[in-house]
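Input: a single structure, listed below in structure tokens.
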């Protein structure tokens, strides 16, 4: 399958490729995404795990319990600390990829705003997208 998207961490120690288009994408305003990004939200795209491949380096893993009760395992570069991926126990067939780690972040197109109940008053909100107070089903 042809590579359609590449990306990596800040220092270049970790590189990846995607071989399919995202099945979903979002701006997530949950408190965990706020803490891990240091910003109002995390912007994520979701691809089937078979269509995501690390091509250089390896990710360090950190697991937390999400508001949903599911475990979320985030992948970070062990050198520069960049958040690159995530995996949730509620959807183990998908890999979450951070939009900021894409070589061309302009390829990212969010489909929804989620966890709006946690969005700070100063958060930029993408208009014209569905908004959910929590994680949609």
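Every read-out reported here was derived from the displayed coordinates using simple, explicitly stated rules and does not represent laboratory data. Given the structure is predicted, the values throughout are model-derived calculations rather than measurements. As a convention, Cβ positions derive from the backbone with ideal geometry for all residues, glycine included, and neighbour counts pool all protein chains shown.
For residues that are out of contact with any helix residue (DSSP H, G or I) (no Cβ under 8 Å at 6 or more places or on another chain) and under 16 Å from residue 16 (Cβ atoms), tally how many sit in the stretch 37-72.
Of the residues in that region, 16 qualify.
Out of the residues in the stretch 8-24 meeting the condition of being touching a residue at least 60 places away in the same chain (Cβ under 8 Å) and surrounded by fewer than 21 Cβ atoms within 10 Å (Cβ to Cβ), tell me which one is farthest from residue 106 (Cα to Cα).
13
Please enumerate the residues belonging to the stretch 20-36 that are touching a helix residue (DSSP H, G or I) at 6+ places or on another chain (Cβ under 6 Å) and outside any loop (DSSP other than H, G, I, E, B). Give the derivation first.
Looking only at the stretch 20-36, we keep the residues that are touching a helix residue (DSSP H, G or I) at 6+ places or on another chain (Cβ under 6 Å), and these are 20, 29-31.
Result: 31, single match.
Listed here are the residues, each with its yes/no results for (1) within 15 Å of the chain's Cα centre (by Cα); (2) within 15 Å of residue 34 (Cα to Cα).
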{"position": "84", "(1), (2)": "yes, yes"}
{"position": "94", "(1), (2)": "yes, no"}
{"position": "99", "(1), (2)": "yes, yes"}
{"position": "102", "(1), (2)": "yes, no"}
{"position": "105", "(1), (2)": "yes, no"}
{"position": "111", "(1), (2)": "yes, no"}
{"position": "124", "(1), (2)": "no, yes"}
{"position": "132", "(1), (2)": "no, no"}
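Out of the residues in the stretch 108-137 that are touching a residue at least 40 places away in the same chain (Cβ under 8 Å) and either assigned to a strand (DSSP E or B) or at positive phi (or both), state the one that is surrounded by the most Cβ atoms within 10 Å (Cβ to Cβ).
Per the stated criteria, the residue is 114.
What are the pairs with Cβ atoms under 9 angstrom where one residue, in the stretch 39-56, is without any contact (Cβ under 8 Å) to a residue 40 or more places away in the chain and the other, located anywhere, is assigned to a strand (DSSP E or B) and buried (at least 20 other Cβ atoms within 10 Å of the Cβ)? Sequence gap at least six, or different chains.
53/16; 53/18
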